[in-house]
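S.K.: Please find one structure pasted underneath; my questions will follow.
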Amino acid sequence: MEPSDLTVDSLEEEATLACDAKGIPSPQYRWSLNGTLINLSTDSRRRLSGGNLVIRSLDRAQDGGIYQCTAFNPQGAILSRRASLQFAYLNLKTQTRSAVSVREGQGVVLLCGTPSYAGDLSFAWVFNEYPYFVQQDNRRFVSQETGNLYIAKVEPSDVGNYTCVVVNRITKGKVLSSPTPLPKIEVHFSDMVPAAKGSVVTLECFALGNPVPEITWRRANGVPFPSKVKMKNSNVVLEIPSFQQEDAGGYECVAENKMGKNTVQGRLSFHAKPQWVQTMRDNALSIEERLFWECKANGKPKPSYSWLKNGELLAAEDRIQIENGALTISSVNLSDAGMYQCVAENKHGIIYFSAELVVLASPPDFSRSPLRALLKAKTGSTVIMECRPQAFPTAISMWRKGNEPVQSSERITLLPDGTLRITNVTKMDGGNYACLARNQFGAASTTGRLLVTDPTQIIQGPVDMEIIVGESIVLPCQISCDPALDVSFSWAFNGQLLSNLDQHYEHVGGSTSGDLMIRNIQLKHAGKYVCVVDTDVESLSAAAILIVKGPPGAPDGVTVEEITDSTAQLSWRPGQDNGSPITSYIIQAKTAFTVGWQAVNTVPEVIDGNTLTATVVDLNAWVEYEFRVLARNSVGVGEPSPASLKTRTEDAVPDTAPTDVGGGGGSKSELVIIWEPVPEDLQNGDGFGYIIAFRPLGEVNWTHAVTSIPSQSRYVYRNESIPPFSPFSVKVGAYNTKGQGPFSPVTIVFSAENGETLNRITSSKQKLTFSVTYRYRFRLYNDISFCGYFQHCRWLFSVLLAVIYPFLTGHIFDILQNVQESIMQFSFYSKFKVKHVL
């Protein structure tokens with residue numbers, strides 16, 4: 001960090017100039033003022049804080065001037081840039097001035113009379129009394145260069161007292177002065193205005209006249225102004241920010257009214273302080289080597305160069321040449337070591353760049369680069385043994401094998417840098433070698449042994465193979481090698497070293513075998529396997545491709561393209577075939593009424609591996625389905641696809657009639673009809689219900705009843721005209737909003753007997769044990785006809801015998817017939833049981 005120019009308020013009690021440098025060891029600092037070293041040990045107002053110079057109780061006479069910092073350590077010294085310290089002030093200067101008389105319509109200039117100062121100033125004018133300031137417009141202008149007030153055309157409202165106010169922007173101090181008159185003039189810029197690179201340039205142009213003149217600007221070469229150029233204060237001020245070389249040239253101000261126009265011309269010249277475009281680096285050279293440093297800077301005018309060593313001007317001599325920004329030392333010695341600075345300077349500024357020169361001088365030293373104690377090489381290879389001691393200047397080296405010097409030959413080469421190279425090495429080349437190095441400061445040597453071995457061979461390596469998921473294999477890697485060699489085995493899979501083996505991998509084998517076992521192979525294990533054999537002298541490898549076959553991957557994107565009341569057209573995308581082509585697809589479906597996923601019928605019946613669409617058939621109407629697809633190959637069936645979106649089939653007329661239609665019993669004058677309700681997945685649509693049809697046995701016309709409760713399983717018809725224990729033909733059908741479905745087969749149901757409730761005949765069939773048990777209990781009353789009951793019994797037995805006849809032996813059939821004939825002998829509340837076990 002270097003010091004910067006500093007302007008301070010005279011009332012400030014302390015100022016700090018920054019300086020910070022890096023070095024080993026850490027640098028120390030000293031400061032000079034106007035070229036004279038500051039003695040900090042005797043100066044009570046100045047002190048160092050790190051490298052910064054801190055000045056307290058500031059005094060303009062003693063502390064103002066040019067400061068420069070010097071950083072130094074045992075390696076040398078460097079100078080910082082020069083920095084100025086100045087004190088902002090504004091002298092009070094009052095003067096009584098006479099009145100100014102101007103005719104209306106004329107122009108006038110009131111001079112401010114700037115006092116002596118340091119620091120940036122700003123100007124304003126007070127009209128009559130504070131705080132009424134003159135407002136600038138196209139008729140009135142306050143120059144921030146001179147402070148003068150210009151009025152292009154005087155009006156009666158301008159009459160009054162005017163006071164110039166000068167403010168120092170740093171000290172905030174103010175000076176007020178009375179104006180003085182001048183003859184009629186115009187504000188304009190100089191014929192030649194110097195402008196620094198990157199600065200903000202302002203040009204002022206103001207004209208007096210009646211009518212008030214209009215101000216316009218243009219470049220002398222006719223080139224339009226770039227967008228960065230700004231016009232201010234009714235075009236009186238032209239501002240050019242970040243001034244560059246292309247902004248230099250002629251500028252014109254034109255003041256014009258109806259009486260005429262006037263033009264002022266001037267030029268902006270470009271100048272720039274030096275800036276580095278090429279610098280040098282720290283350098284460490286061996287004694288007697290050549291140093292060349294060059295630095296370059298641009299600037300306008302072109303900068304001049306000089307060189308410093310340890311803060312002192314460096315002069316040319318026999319070994320040292322200085323030309324512009326180049327420094328050459330033909331043969332460095334120890335006294336040339338130190339800190340160097342290239343200095344570039346023009347009238348607008350000065351810059352420094354620093355670098356260190358280290359000069360090295362030492363005898364040969366092999367501590368950092370000794371020969372290997374044992375160097376192994378296979379026969380027929382090339383051996384390189386380096387002899388590179390650290391030595392300044394570079395040492396001269398020679399080689400010995402045993403006690404004999406090594407001579408160059410067709411196979412043996414001694415390189416200029418001391419390296420020994422032996423091509424097509426043989427076992428005769430083995431032995432002890434020594435390198436000897438010497439310079440003017442001393443000598444040193446290093447030794448090592450060369451051992452020549454037989455080449456290593458892979459006698460059984462891995463081969464390409466195909467394997468099924470879940471199997472285990474061993475990839476062989478067996479070698480023959482020289483027993484003097486250290487051997488290591490490693491495996492790479494698809495270019496990545498298998499360093500951390502998981503439960504699938506295991507290294508097996510002995511000292512000359514690096515076999516790799518892979519257990520429970522998965523699809524992820526397919527790829528290229530490389531066995532790498534590393535010895536002291538060479539590296540060999542053998543590779544094989546492992547193809548893993550497995551069931552196909554899950555298909556994807558199962559979509560229901562079209563759906564009807566009994567079919568659904570599906571499409572899907574295939575998954576990976578996993579090493580074996582897909583041979584067929586399987587479609588499964590699931591509903592709220594099924595247990596898990598079920599296979600479904602399709603068209604085509606067998607979906608081959610090249611087909612990606614199929615139609616599912618035999619679906620139930622008005623049921624919400626999900627579908628999934630599985631792929632099959634020669635290995636097996638793969639994982640199922642994600643399920644499709646739930647899709648409902650269209651509704652349809654019921655196609656399933658209620659089952660187990662029967663009945664009987666009930667109260668007097670009742671016909672009780674029962675049935676097994678139709679499951680929800682077979683109802684085929686909304687608005688499901690039942691149609692119950694019945695008629696006395698032998699009649700033609702049916703009586704119909706309707707119930708809209710899908711779960712209902714019992715219907716009671718009551719009519720006083722129904723004879724007791726009368727047979728009825730009964731059937732039950734189903735309907736929904738789409739229409740009426742089929743009726744169940746007609747069955748015979750008897751109306752209730754005349755009296756209290758007759759216990760209902762119950763029937764149970766144990767299908768798994770193949771036993772059929774029928775139980776009957778009759779409760780009869782005196783006021784009813786025995787005939788009706790016994791006729792009913794005979795009819796029931798006739799039905800029973802018809803059902804079980806195919807399963808009966810002749811003996812059992814005779815027993816049942818006897819039972820039927822004996823029913824007439826039962827008394828009231830009699831019970832009987834007939835059981836036949838199949």
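The values are calculated or read from the model by the stated rules, or taken from the named source; none is laboratory data. Because the structure is predicted, anything quoted here is derived from the model rather than measured. Here Cβ is always computed from backbone atoms with ideal geometry, including for glycine, and neighbour counts include all displayed protein chains.
S.K.: So, residue 269, is that one in a strand (DSSP E or B), at pLDDT 90 or above, hydroxyl-bearing (Ser, Thr, Tyr) and in contact with a strand residue (DSSP E or B) (Cβ under 9 Å, 6 or more places away or on another chain) or not?
M.R.: No.
S.K.: Can you tell me which residue within the stretch 688-701, out of those that are surrounded by 15 or more Cβ atoms within 10 Å (Cβ to Cβ) and among the hydrophobic types (A, V, I, L, M, F, W, C), is nearest to residue 727 (Cα to Cα)?
M.R.: Per the stated criteria, the residue is 694.
For every residue, the table says whether it meets (1) β-branched (Val, Ile, Thr); (2) touching a His at 6+ places or on another chain (Cβ under 7 Å); (3) free of Cβ contacts under 8 Å to residues at least 24 places away in the same chain; (4) in a loop (DSSP other than H, G, I, E, B).
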residue: 194; (1), (2), (3), (4): no, yes, no, no
residue: 202; (1), (2), (3), (4): yes, no, no, no
residue: 218; (1), (2), (3), (4): no, no, no, no
residue: 228; (1), (2), (3), (4): no, no, yes, yes
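S.K.: Let me confirm something: among 580, 541, which residue is touching a Lys or Arg at 6+ places or on another chain (Cβ under 6 Å) and either aromatic (Phe, Trp, Tyr) or at negative phi (or both)?
M.R.: Only one candidate passes the filter, namely 580.
S.K.: From the list 409, 331, 397, exactly one residue is over 49 Å from the mean Cα position of the chain (by Cα) and more than 24 Å from residue 447 (Cβ to Cβ). Which is it?
M.R.: Result: 331 is the single residue among 409, 331, 397 that is over 49 Å from the mean Cα position of the chain (by Cα) and more than 24 Å from residue 447 (Cβ to Cβ).
S.K.: Is it fair to say residue 583 is β-branched (Val, Ile, Thr) and free of Cβ contacts under 8 Å to residues at least 60 places away in the same chain?
M.R.: Answer is yes for this residue.
S.K.: Return a yes/no flag: does the stretch 503-519 have any residue that is more than 30 Å from residue 370 (Cα to Cα), of a type in the set (Val, Ile, Thr) and over 41 Å from the mean Cα position of the chain (by Cα).
M.R.: Within the stretch 503-519 (the criterion being more than 30 Å from residue 370 (Cα to Cα), of a type in the set (Val, Ile, Thr) and over 41 Å from the mean Cα position of the chain (by Cα)), the answer is yes, since at least one residue qualifies.
S.K.: For the structure I just gave you, tell me whether residue 384 is surrounded by fewer than 18 Cβ atoms within 10 Å (Cβ to Cβ) and modelled with pLDDT of 95 or more.
M.R.: yes
S.K.: So, one more: Please specify each residue of the stretch 592-614 satisfying the condition of being within 27 Å of residue 580 (Cβ to Cβ) and of a type in the set (S, T, N, Q).
M.R.: Those that are within 27 Å of residue 580 (Cβ to Cβ) and of a type in the set (S, T, N, Q): 598, 601, 602, 610, 611, 613.
S.K.: Could I ask something else about it? Residue check: is residue 602 in contact with a Phe, Trp or Tyr (Cβ under 7 Å, 6 or more places away or on another chain), hydroxyl-bearing (Ser, Thr, Tyr) and either farther than 27 Å from residue 744 by Cβ or surrounded by fewer than 20 Cβ atoms within 10 Å (Cβ to Cβ) (or both)?
M.R.: no
S.K.: Right, next: Just to be sure, is residue 24 out of contact with any helix residue (DSSP H, G or I) (no Cβ under 6 Å at 6 or more places or on another chain), assigned to a loop (DSSP other than H, G, I, E, B) and either of a type outside the set (S, T, N, Q) or in contact (Cβ under 8 Å) with a residue 24 or more places away in the chain (or both)?
M.R.: Considered against the rule, which asks whether it is out of contact with any helix residue (DSSP H, G or I) (no Cβ under 6 Å at 6 or more places or on another chain), assigned to a loop (DSSP other than H, G, I, E, B) and either of a type outside the set (S, T, N, Q) or in contact (Cβ under 8 Å) with a residue 24 or more places away in the chain (or both), residue 24 comes out as yes.
S.K.: Please indicate, with yes or no, whether at least one residue in the stretch 173-190 is buried (at least 18 other Cβ atoms within 10 Å of the Cβ), part of a strand (DSSP E or B), modelled with pLDDT of 75 or more and touching a Cys at 6+ places or on another chain (Cβ under 8 Å).
M.R.: No, because not a single residue in the stretch 173-190 is buried (at least 18 other Cβ atoms within 10 Å of the Cβ), part of a strand (DSSP E or B), modelled with pLDDT of 75 or more and touching a Cys at 6+ places or on another chain (Cβ under 8 Å).
S.K.: Among the residues of the stretch 537-580, how many are farther than 30 Å from residue 427 by Cα and either in a strand (DSSP E or B) or among the aliphatic types (A, V, I, L, M) (or both)?
M.R.: Number satisfying all stated conditions: 22.
S.K.: Inspect the stretch 304-315 for any residue being free of Cβ contacts under 8 Å to residues at least 12 places away in the same chain, part of a loop (DSSP other than H, G, I, E, B) and more than 50 Å from the chain's Cα centre (by Cα) and give the result as yes or no.
M.R.: Checked against the condition, which is being free of Cβ contacts under 8 Å to residues at least 12 places away in the same chain, part of a loop (DSSP other than H, G, I, E, B) and more than 50 Å from the chain's Cα centre (by Cα), the stretch 304-315 yields at least one hit.
S.K.: Then there's this: Here are 602, 611: which of them is over 30 Å from residue 463 (Cβ atoms), of a type outside the set (Gly, Ala, Ser) and not in a strand (DSSP E or B)?
M.R.: 611
S.K.: Only strands (runs of 3 or more DSSP E) wholly contained in the stretch 423-500 count here; list those with 3 or more residues that are among the small types (Gly, Ala, Ser).
M.R.: 431-439, 442-453, 488-493
S.K.: Output yes when any residue across the stretch 13-34 is under 30 Å from residue 125 (Cα atoms), outside the structural domain of residue 162 (by TED's automatic domain parsing) and modelled with pLDDT under 85, and no when none is.
M.R.: Looking through the stretch 13-34, none of the residues is under 30 Å from residue 125 (Cα atoms), outside the structural domain of residue 162 (by TED's automatic domain parsing) and modelled with pLDDT under 85.
S.K.: Please tell me if residue 277 is at negative phi and part of a strand (DSSP E or B).
M.R.: Spelling it out, residue 277 is indeed at negative phi and part of a strand (DSSP E or B).
S.K.: Within the stretch 127-170, track down each residue that is closer than 18 Å to residue 112 by Cβ, of a type in the set (S, T, N, Q) and in a loop (DSSP other than H, G, I, E, B).
M.R.: Those that are closer than 18 Å to residue 112 by Cβ, of a type in the set (S, T, N, Q) and in a loop (DSSP other than H, G, I, E, B): 128, 135, 136, 143, 144, 146, 148, 161.
S.K.: Run down 152, 83 and say which single residue is under 30 Å from residue 39 (Cβ atoms) and either at pLDDT below 85 or under 57 Å from the mean Cα position of the chain (by Cα) (or both).
M.R.: 83
S.K.: So is residue 428 surrounded by fewer than 13 Cβ atoms within 10 Å (Cβ to Cβ), without any contact (Cβ under 8 Å) to a residue 40 or more places away in the chain and among the hydrophobic types (A, V, I, L, M, F, W, C) or not?
M.R.: Yes.
S.K.: What number goes with the only condition from (1) crowded, with 16+ Cβ neighbours inside 10 Å; (2) of a type in the set (Asp, Glu); (3) in a loop (DSSP other than H, G, I, E, B) that residue 356 does not pass?
M.R.: (3)
S.K.: Can you tell me which residue within the stretch 208-238, out of those that are of a type in the set (A, V, I, L, M) and either at pLDDT 90 or above or farther than 30 Å from residue 110 by Cβ (or both), is surrounded by the most Cβ atoms within 10 Å (Cβ to Cβ)?
M.R.: Among those residues, the one meeting the criterion is 237.
S.K.: Check 239, 288, 252, 246 and return the single one that is more than 30 Å from residue 354 (Cβ to Cβ) and more than 54 Å from the chain's Cα centre (by Cα).
M.R.: Testing whether each residue is more than 30 Å from residue 354 (Cβ to Cβ) and more than 54 Å from the chain's Cα centre (by Cα) leaves just 252.
S.K.: Could you tell me which of the residues 280, 259 is touching a residue at least 24 places away in the same chain (Cβ under 8 Å) and touching a Phe, Trp or Tyr at 6+ places or on another chain (Cβ under 6 Å)?
M.R.: That would be 280, the only listed residue that is touching a residue at least 24 places away in the same chain (Cβ under 8 Å) and touching a Phe, Trp or Tyr at 6+ places or on another chain (Cβ under 6 Å).
S.K.: Which of the residues spanning the stretch 736-754 are under 11 Å from residue 687 (Cβ atoms) and out of contact with any Gly (no Cβ under 6 Å at 6 or more places or on another chain)?
M.R.: 739
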